[in-house]
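Read through the structure below, which is laid out as structure tokens, and then see the notes.
The values are calculated or read from the model by the stated rules, or taken from the named source; none is laboratory data. Keep in mind that this is a model prediction, so the values were computed, not measured. Ideal geometry is used to build each Cβ from the backbone, glycine not excepted, and the neighbour counts take in all protein chains shown.
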Amino acid sequence: MRILLLSMPDMVPAFRGWLPPNLAISSITGNLRGHDIHMADLILVRNKLTSSIKNLLIEYKPEVIGFSAMSFQFNTARRIAEFIKSLDKDIKTVLGGYHATLMYKEIAEDGNAEPFDFILRGESDLSFGELILAIEGKAIYGDVMGLSFRRNGKFAHNPPRPLEDLSKIALPNRTNRVWQGYAFGIKQLDIFETSRGCTMPCNFCSMNQMYGRKFRTYSTDRVIKDIANAKKQGAKYLAIADDNITLNPRRFEELCDAITEAGHNDIGYIVQTSCTGIASSDTLAEKMARAGFEFIFLGIENVSERNLRIMRKGNIINSIKRAVELIHKNNMLIIGGMIIGNSEDKEEDIAQNYEFFDRYNIDFISDQIITPYPKTGIREELIKAGLVTNLDDYRKYNGFWANVCTKYLDSEELQFVKWKNKKKYSTFYKTTPTFKTRFP
């Protein structure tokens, strides 16, 4: 069967130098054998989208098209599916990703599912192949767990799919990508994962709706093979897609040792970590640096004890300071994650975060306004408090736009305060001592 998998072109405005491949569709392709399957990351052609999609249909003549979309990308996925159906109504369309998993009932009931024939919920690495068998008439739709499909004019929802056994998931396919041009700055970028899920109780995160509060890991051998595969395709930077790799610091240290021993420290790595995980080990940061880690997205989130309590992060102020010290001591750059716009925030509370980032020489500021993502605990709390100003225009649910207000700032004021402080302290990066060491 001829299959085309699409990731969406929507991107966060601040990340225009960040063009990664979509790992989900690469994994589906790697786990699907015996079909003519290709992947198209539309982020690479966002300025010529219509003509590129038409050319894909002409060149590859797909019988099935899969769409991977987050919440802020869902409207785009729906419009592209409508466009494709207008060109060829016989193409089967499949929606997957976080938004489909969290909001499948609402999508099916409010008319937004019209251009989609199927919705796949949860992990689709293996279930997509089961769906293809059903489309071919070799299996039954009702047996595909996690599938929503049309029956008698309405969507029927099969039982949820259990979490996959990661040992059964093959390496991603990186050779069937239609286009090239994935980049971080001027260097070729690829992406891989060493684990899935997180057990922490943070109420602003939607990951526990996707994976539950579970932490599953790939074997070290599988991780090393994945890195080698990405390097073979030309990657000079590798981003790690784990939700919380520092949940088990000892395991992360062992991975760093394995990367170094295999000689894979000849490229750069980008990873998201927790402050608590980094601060819990006196040796982890050193091993990360030796393994080639360069950019560390550090989940600082907020420096107010009150706001950390609201977000269920606990009092991590000392861990934040210790993590920053350890990372900079080993000449790695920090992309500091900041979340502002909590219910009690005044302008001076928000400014306090930017002042902290400046004082501790955070190399890059990644500031987001708290977003009421579907099905999260913080969404319910903010709705109950009357602080959500945009309930369902998910196009703006990317962390950049203010979809909430605080008790003291309306949405426009909140957006302005974010802009003002970012402009005052950093456009994106600042020439910190670590930055000057790495880029003399």
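How many residues does region 399-414 contain that are within 27 Å of the chain's Cα centre (by Cα), surrounded by 17 or more Cβ atoms within 10 Å (Cβ to Cβ) and not β-branched (Val, Ile, Thr)? Step through it out loud before you land on a result.
Applying the first criterion (within 27 Å of the chain's Cα centre (by Cα)) to region 399-414 yields 399-406, 411-412, 414.
Imposing the further condition that a residue be surrounded by 17 or more Cβ atoms within 10 Å (Cβ to Cβ) reduces the set to 399-406, 411, 414.
Checking the rest, the ones that are also not β-branched (Val, Ile, Thr) come to 399-403, 405, 411, 414.
Result for region 399-414: 8.
The condition of being at pLDDT 95 or above and under 26 Å from TRP18 (Cα atoms) holds for only one of ILE327, ILE320, that being ILE327. Take the conditions buried (at least 24 other Cβ atoms within 10 Å of the Cβ), farther than 30 Å from LEU391 by Cβ and not aromatic (Phe, Trp, Tyr) and apply them to ILE340. Does it pass? Against the criterion (buried (at least 24 other Cβ atoms within 10 Å of the Cβ), farther than 30 Å from LEU391 by Cβ and not aromatic (Phe, Trp, Tyr)), ILE340 does not qualify.
Table: residues versus (1) under 24 Å from ALA235 (Cα atoms); (2) modelled with pLDDT under 95.
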{"site": "PHE15", "(1), (2)": "yes, yes"}
{"site": "ALA24", "(1), (2)": "yes, no"}
{"site": "ASP36", "(1), (2)": "no, no"}
{"site": "MET39", "(1), (2)": "yes, no"}
{"site": "LEU42", "(1), (2)": "yes, no"}
{"site": "PHE72", "(1), (2)": "no, no"}
{"site": "ALA81", "(1), (2)": "no, no"}
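Only one of the listed residues (PHE149, PHE192, PHE155, PHE204) is of a type in the set (Phe, Trp, Tyr), under 24 Å from THR273 (Cα atoms) and at pLDDT 95 or above. That residue is PHE192.
Evaluation of ASP10 against the conditions (1) more than 22 Å from the chain's Cα centre (by Cα); (2) of a type outside the set (A, V, I, L, M, F, W, C); (3) within 25 Å of PHE400 (Cβ to Cβ) shows that the sole unmet condition is (1). Out of the residues in region 415-431 meeting the condition of being crowded, with 19+ Cβ neighbours inside 10 Å and modelled with pLDDT of 90 or more, tell me which one is farthest from GLU380 (Cα to Cα). The extreme case among them is ASN421. Quick check on my filter: what residues within region 351-398 are hydrophobic (A, V, I, L, M, F, W, C) and surrounded by 16 or more Cβ atoms within 10 Å (Cβ to Cβ)? Across region 351-398, the qualifying residues are ALA351, PHE356, PHE357, ILE362, PHE364, ILE365, ILE369, ILE370, ILE378, LEU382, LEU387, VAL388. The number of residues in region 201-250 being small (Gly, Ala, Ser) and in contact with a helix residue (DSSP H, G or I) (Cβ under 8 Å, 6 or more places away or on another chain) comes to 3.
Summed over region 177-191, residues that are buried (at least 18 other Cβ atoms within 10 Å of the Cβ) and in a loop (DSSP other than H, G, I, E, B) total 2.
The set of residues from region 19-40 being in a strand (DSSP E or B) and out of contact with any Leu (no Cβ under 8 Å at 6 or more places or on another chain) comprises just one member, ASP36. Taken over region 35-64, the criterion of being within 21 Å of the chain's Cα centre (by Cα) and touching a residue at least 40 places away in the same chain (Cβ under 8 Å) is satisfied by MET39, ALA40, ASP41, LEU44, VAL45. When ILE350, ILE335 are screened for being in contact with a Phe, Trp or Tyr (Cβ under 7 Å, 6 or more places away or on another chain) and within 17 Å of GLY399 (Cβ to Cβ), only ILE335 passes.
Considering region 125-139, and only residues there that are in contact with a helix residue (DSSP H, G or I) (Cβ under 6 Å, 6 or more places away or on another chain) and in a loop (DSSP other than H, G, I, E, B), the residue that is surrounded by the most Cβ atoms within 10 Å (Cβ to Cβ) turns out to be ASP125.
Residue count for region 20-57, restricted to those that are touching a helix residue (DSSP H, G or I) at 6+ places or on another chain (Cβ under 6 Å), surrounded by fewer than 22 Cβ atoms within 10 Å (Cβ to Cβ) and among the β-branched types (Val, Ile, Thr): 1.
Do we find a residue being of a type in the set (A, V, I, L, M, F, W, C) and in contact (Cβ under 8 Å) with a residue 60 or more places away in the chain anywhere in region 256-267?
no
Taking region 389-404 as the range and being in a loop (DSSP other than H, G, I, E, B) and in contact (Cβ under 8 Å) with a residue 40 or more places away in the chain as the test, the residues that pass are TYR397, ASN398, GLY399, PHE400, ALA402.
I'd like to check something: does region 146-165 contain any residue that is closer than 21 Å to LEU49 by Cα and of a type in the set (Ser, Thr, Tyr)? The answer is no; no qualifying residue exists. Could you list, in sequence order, the residues of region 200-227 that are farther than 28 Å from GLY268 by Cα, among the polar types (S, T, N, Q) and in contact (Cβ under 8 Å) with a residue 40 or more places away in the chain? Hits for region 200-227 are ASN203, SER206, GLN209. Residues in region 192-205 that are surrounded by 15 or more Cβ atoms within 10 Å (Cβ to Cβ) and in a loop (DSSP other than H, G, I, E, B): GLU193, THR194, GLY197, CYS198, MET200, CYS202, ASN203, PHE204, CYS205.
With THR76, THR101 as the choices, which residue is more than 19 Å from ARG161 (Cβ to Cβ), under 22 Å from the mean Cα position of the chain (by Cα) and not acidic (Asp, Glu)? Don't jump to the end; show me each part of the working.
Numbers: THR101 fails: more than 19 Å from ARG161 (Cβ to Cβ).
Answer to the check: THR76.
Checked against (1) more than 14 Å from PHE204 (Cα to Cα); (2) not in a helix (DSSP H, G or I), TYR373 passes all but condition (1).
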